[in-house]
Every structure is written in structure tokens, then in C-alpha cells.
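The values are calculated or read from the model by the stated rules, or taken from the named source; none is laboratory data. Please read all numbers here as calculations on a predicted model, not as lab measurements. Using ideal geometry, Cβ is built from the backbone for each residue, glycine included, and neighbour counts are taken over all protein chains shown. Remember, those area values only see protein heavy atoms, side chains included, never the ligands or the DNA or RNA. Shrake-Rupley method; radii C 1.70, N 1.55, O 1.52, S 1.80 Å.
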Amino acid sequence: MAQPMTVDEFNEYDSYTVQDWEKMWNDGQLGSMTSKFHPMMVKFHEMIIQSDRHNRVFVPLCGNSLDLLWLARKGCSVVGSECVAFACQNFFTENQIPYEIRALDGIDGNVYCSKDEKLDIRIFQCDHYQLSPRIVGYPLDSVWDRGAFNSVPMKRRAEYVQHMSTLLTSSATVLVAVSEYEIVSEGDANHDIPTAEEGIYIAFKPLASVELIERSITERHEFENQVMEVGEILFKVKFN
Ligand SMILES: C[S@@+](CC[C@H](N)C(=O)[O-])C[C@H]1O[C@@H](n2cnc3c(N)ncnc32)[C@H](O)[C@@H]1O
């Protein structure tokens, strides 16, 4: 049964470094992070893929997400960022997509590029915050952020949002899906962590308009005298 995060667990999760992520990938703790296309992306894809243009979609902190493949099959040019080489390789090998690796110019890292001419997918294996439109080659038209913002430590979220704005066209639409583990009954100090919704508003509101698109509560647990809801919330963001 799912248990609510304690403040201590939240603080530990909130301080993961690139080395921590590397270790988790290499220890096999993250290999099956996503095994299907994300239903909110499929349902609301018209917000990030417009039928009257070619769409260049950014998937930040992508891991080996299958969503990259879904977007590419829709005809998009798909750009991911992911620091761990194993995750990048795993995406291409698991999906049997031939690929090549090229060294990046001016920053540490590589870009993993699909060699399947029907699937335009590139994953930039580098520190996400080092990416720029120069390195990508163009500004991006939209963003599918699932679990990326969620995994950014609180103290880096303003930087994450500001940096994202530098990678996009001025009319770009950003969809952000965040997991929610919320104690909906009267909380206790031991579980008093910021809600996903609060986190989004604090980080994006200074630079963007934010609209809640859908809330899906997938589980509801009652234990001791508390009630916890587990689910995901989808937000649409437009930078000012
Ligand atoms: C929670 S996972 C994201 C999951 C993914 N979006 C999905 O839907 O499956 C966060 C990912 O970000 C990567 N990551 C963390 N910090 C990073 C950084 N500074 N630069 C690039 N990638 C990073 C981790 O290796 C990990 O794969």
C-alpha cells in the first residue's frame, strides 16, 4: 500500500544530485520507470502538437520515457535532455531504434540521435541546465514535462523554469504533469510537505500564466486517522 512521504523522505528526495540519479539508473532502480504512453499526454496532445505546422517538442529530464516515441510517431521533432548515458542508450535499444552518438560542441556530453529517418528523436545527454538553443539548433515549440519539474529540488525550481523559458519560442505551450501525494485529512507535522499544486504556482507564476487542466486521483488510502490521495495533476503553462 502506498504510504505518504514523511518530511524526512521528502527532504532526501529533494536533494538528489546527478550522481544519485546515475547510481539509481546503474543499479536498475529506474529501468522500468514508464511502460506505457502517458494517458494525459495522449488525451491533451493537441495543446502541444498543432496540426498546421511542424512541431519541435522538448521532453526535459526524459529518462527512457516512451513518450518520446509517441511524439515522434506523430511526426514531431523530439528533443530530450537526460544526464545518464545508460538511460539514453536504454531508450534506443529497448525500442529497437538504430542510433548514433555524437559529442556535443562546447559543453560536456553527447547527443544520441535516431538513425531511423521516420523518427526524429535526439536525446541530449548532458547537464540539462547547459542546454541552449544554440546546442539544440533551434528554439522549441512546446514542452511535455512529465515528472521532470517534480524531480527538480525545490531550491532549483526557479532556475529550472527560467532556463526552460530560454529554450522556447515566444508562443510555446508547456504541459506539466506532476504527481500528487496529498494528505487530504488534517495533516500532521511529520507529513507536512508542499503540495504539487503549490510547487507549480510558486515556480511558474512569476514568469507565466498557469492553468490547471486535469486532476486524476488514482488511489485513495485511509490509514490510522488520515486520508491520502495519490494521483496526477496536469497544468498548461504559457510564458509571458
Ligand atoms: C523522475 S526522472 C524523469 C522521468 C521521465 N520524465 C519519465 O516520464 O519517465 C528524472 C530524470 O532526470 C534525470 N536528471 C536529473 N537531473 C538532471 C540534470 N541536471 N540534467 C539532466 N538530466 C537530469 C535523471 O537521470 C532522471 O532520469
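Which of the residues belonging to the range 70-91 are among the hydrophobic types (A, V, I, L, M, F, W, C) and open to solvent by 10 Å² or more (accessible area, probe 1.4 Å)? Give the steps one after another, and end with the answer.
Here is the first cut: in the range 70-91, the residues among the hydrophobic types (A, V, I, L, M, F, W, C) are 70-72, 76, 78-79, 83-88, 91.
Residues satisfying the conditions are Trp70, Cys83, Ala85, Phe86.
Looking at Ser165, Ser170, which one is polar (S, T, N, Q) and touching a strand residue (DSSP E or B) at 6+ places or on another chain (Cβ under 6 Å)? It would help to see each step written out before you state the result.
Working: Ser170 fails: touching a strand residue (DSSP E or B) at 6+ places or on another chain (Cβ under 6 Å).
Just a single option satisfies the conditions, and that option is Ser165.
Number of residues in the range 72-98 that are away from the ligand (no atom under 12 Å from the Cβ) and either touching a residue at least 40 places away in the same chain (Cβ under 8 Å) or in contact with a Cys (Cβ under 6 Å, 6 or more places away or on another chain) (or both): the value is 6.
Take the residues of the range 115-152 that are assigned to a loop (DSSP other than H, G, I, E, B) and near the ligand (Cβ under 8 Å from one of its atoms): which is nearest to the chain's Cα centre (by Cα)? Talk me through it step by step, then tell me what you get.
The first filter runs over the range 115-152 and keeps only residues assigned to a loop (DSSP other than H, G, I, E, B), leaving 115-119, 126-127, 131-132, 137-139, 147, 152.
Retained after the next criterion (residues that are near the ligand (Cβ under 8 Å from one of its atoms)): 126-127, 147, 152.
Numbers: Cys126: 15, Asp127: 14, Gly147: 4, Val152: 9 Å.
Result: Gly147.
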